[in-house]
Every structure is written in structure tokens, then in C-alpha cells.
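See structure below.
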């Protein structure tokens, strides 16, 4: 007998104890309450579990009976405990908490997997950055050095007269080339 059935039997034991308002030992309770437990030892284990889970709601006698049986009775809190659902409610709360913890654990596993993927991509990016950083850095240093060189070297400015002279020279050379082409064309005919 496990889980919810066990909690229901524990509630039945409490109801019986409240209805009779007497002190019972586990041997008498086992005989009186119809249950599906295999033996008195299982029943005694069930009662001990009740005392561990909800000691405030059951009074336990300090004396032990024959065969180690436990003497138990109800107190002023027992009925209130049963009205709130008793051991069945405790069991359902426990199962809900276990379910919440499972969900939380699954979320944590998902977070860990996501973090691992993120770390792997960040490592790849960092490796790529290392390979591309130094060549670009050296290119930047070279460009900066060339710019500084250009700033400090004197520049030659071309005046309008010098430009006109260059254009005239170029025009004369082009006219000479054209004339030579015309003469070669005439000779070929």
C-alpha cells in the first residue's frame, strides 16, 4: 500500500481514534480497523509514520505494550487536522511540491544546456576575434603611420602656370602623334 491509499488509511485511523475517545495500542487498532496491510508490523510502521509526520495531532503514550506496540490517542488538534484534510492533504501537498521541484529541475537543466551552447558560440567567436584582431591591428598601425608621415612631409603645390605648361606639352605631343598617324595612313594607301 503506497501513496494516497496509505494516507487515506491514516485518516481512517484518526477518525476511529476520535470517535472512540480512548487510548489504543497498535495491536488493538490492527484488529479493529479493516485494512489491506500484510501484517501487524506494517500497521505499526504506518502508525509510527503518522507520529513522525504529524506529532502535534496525535498523543503517544510513553509506555510500550506487548510486542512493542504503541499506545496512541487523539487530542484537541486531531479533529481540526482531519477537517483540513489530514494525511491526504499532506500527501497531495507533498506530491505537488515534488512536481514543482521536478519542473524546476527540468528548467535548470534547460538553462544549463542553453548556457553551454552560449559558451560554445562565445568561444568560437573569441577564437575568430583572436585570428582577425592582429592582422587588422597591424593594418591600422600601418595606416596610422602613413597618415602621420603624410602630415609631416612637405607637399608640392602646383601653380596654374605649371598646369597650363603641362597641358600645352601634352596637347603638342598628341598633335604630333596624330600627324604621324596621318602620314603613315597616307603611305599605306
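The values are calculated or read from the model by the stated rules, or taken from the named source; none is laboratory data. What you are looking at is a predicted structure, and each value in this text was computed from that prediction instead of being measured. We place every Cβ from the backbone using ideal geometry, glycine too, and count neighbours over all the protein chains shown.
Does segment 118-132 contain at least one residue that is assigned by TED's automatic domain parsing to the domain that holds residue 19, assigned to a helix (DSSP H, G or I) and modelled with pLDDT of 85 or more?
For segment 118-132, residues assigned by TED's automatic domain parsing to the domain that holds residue 19, assigned to a helix (DSSP H, G or I) and modelled with pLDDT of 85 or more: absent.
Among the residues of segment 24-31, is any closer than 14 Å to residue 70 by Cβ, in contact with a strand residue (DSSP E or B) (Cβ under 8 Å, 6 or more places away or on another chain), part of a loop (DSSP other than H, G, I, E, B) and at pLDDT below 80?
Within segment 24-31 (the criterion being closer than 14 Å to residue 70 by Cβ, in contact with a strand residue (DSSP E or B) (Cβ under 8 Å, 6 or more places away or on another chain), part of a loop (DSSP other than H, G, I, E, B) and at pLDDT below 80), the answer is no, since none of the residues qualifies.
In this structure, is residue 138 within 36 Å of the chain's Cα centre (by Cα), modelled with pLDDT under 95 and either farther than 30 Å from residue 58 by Cβ or exposed (fewer than 10 other Cβ atoms within 10 Å of the Cβ) (or both)?
Judged against the criteria, residue 138 is not a match.
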